[in-house]
Amino acid sequence: MTTHYASKLDTSAVREGLQTVVAITVTPFDAEGVVDERAFNRVLDRMLDAGVTAITVNGNTSEFYSLTSKEWHRLTELAIEQARGRALVIAAAGYDVATAIEMGRAAQELGATALMIQQPVHPYQSPEGWLEYHRSIGAALPDLALIPYLRSRMVTASLLDRLASDCPNVLGIKYAVPDPLRFTEVVGQVGSERLAWVCGLAEPWAPFFWLAGARGFTSGLVNVDPQLSLAMLQHMRRDESDAVMDIWRLIQPFEQLRAADASARNVSVVKEALAAVGLCSARVRPPLSLLSDSERDLVGSILATWERRGIAGGA
């Protein structure tokens, strides 16, 4: 059944809409390094056709910090046009408070329902400053659902509790601190029903965060094989732990390659896989780089293993 998202904020629909695989789109570039809109539409349409119902456009997998403001606007527009009535579209915003608010307003005018607030990149942060950053954005965008991207251990359960109390439009948290025990404590203190908890560490961590209350997870892999990510979700929903771990083990070589060297090849691996299946170029923008020949061969070998196992089609 397709969920339709009205332009006016529907808090229940957004919370429910986050309890799924939240795809983070890639941004394809052509041979000249220009955004390839046709390839973007191809990759997005393939995910939507497979049953993906939540899309984040211009996230980190999208190379957010390498995009111009004009490109950010156009990609947001394309995603909303293509996914309208088929998926919850979450636009990504960040930088300083004023810019984040400006991006949020632009996304809302284009038809976005939700805004993922990128982790603040300032080298010096305090807990109160983090709270005020998000509180200021939330107050300026009361009719837009906000989903803070949390990557810092500095942010405690009490801080999230205050944010949720002060900003009723904060409806979810993309939690990306790799510590399931800490996450369990945070959910227990803030409340499992109060916010939609999304594992921001993708498939490798999703099964473990699921046990603590994260009913959704973000994914870059879903660009490459939507059915594989959706199968993991369905097996978790059915409490089929053996099947979940079969998929977990299958994707580990791919995700380990992405995570190596402080995730230096996180996006490059996804784009190389997409290039291997003919969906878009492998090109990335600095400070990212293309894979080596041996790494490209490894990606090809991983994809061949997926095809032989045939798990992806079993959702």
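Would you mind computing the Rg to Rh ratio of region 125-251 from its alpha-carbon coordinates, Kirkwood style for Rh?
Using only Cα positions, Rg/Rh for region 125-251 is 1.01.
Report the longest stretch of the chain that contains none of the GluC sites (Glu not before Pro) sitting in a DSSP loop with at most 11 other Cβ atoms within 10 Å.
Between the exposed loop sites, the longest stretch runs 33-192.
Would you mind ranking 294, 229 so that the residue whose beta carbon has the fewest other beta carbons within 10 Å leads the list?
Final ranking by Cβ density, sparse to dense: 294, 229.
Binning every alpha carbon pair distance of region 100-164 at 5 Å from zero, what are the percents per bin?
Distribution as computed: 4, 16, 32, 23, 15, 8, 3 percent.
Kirkwood Rh, Cα Rg: Rg to Rh for region 1-120?
Taking Rg over the Kirkwood Rh, I get 0.94.
When only DSSP loop residues count, what chymotrypsin sites (Phe, Trp or Tyr not before Pro) in region 89-157 have their Cβ near at most 12 other Cβ atoms within 10 Å?
Answer by residue number: 124.
Write down the Å³ per residue value for the convex hull defined by the alpha carbon atoms of region 250-304.
69
Sort 249, 86, 285 so that the residue with the fewest other Cβ atoms within 10 Å of its own Cβ comes first and the one with the most comes last.
Fewest-to-most ranking of 249, 86, 285: 249, 285, 86.
How big, in percent, is the set of alpha carbon pairs in region 176-315 lying more than 28 Å apart?
22
With +1 assigned to the C-beta of every Lys and Arg and -1 to the C-beta of every Asp and Glu, and no other charges, what is the dipole magnitude of region 97-227 about the Cα centre in debye, to the nearest 20?
In total the dipole reaches around 140 debye.
Using Cα-only point scatterers and the Debye equation, what is log10 of I(q)/I(0) for region 11-238 at each q in 0.18 Å⁻¹, rounded to two decimals?
-1.39
Counting only C-alpha contacts under 8 Å and six or more residues apart, can you give the relative contact order of region 11-238 as a whole percent?
Reported as a whole number, the value is 23 percent.
Could you tell me the center-to-center distance, by alpha carbons, between region 75-93 and region 46-71 in angstrom?
Value for the Cα centre distance between the two parts: 8 Å.
If each residue's Cβ is checked for other Cβ atoms within 10 Å, how do 76, 99, 68 rank with the fewest at the top?
Going from least to most buried by this count: 68, 99, 76.
The numbers here are math on the coordinates, done by the rules we state, and not lab data. This structure is a prediction, so every number in the text was calculated from the model and none was measured. Glycine gets a Cβ as well: all are built from the backbone with ideal geometry, and neighbour counts include every protein chain shown.
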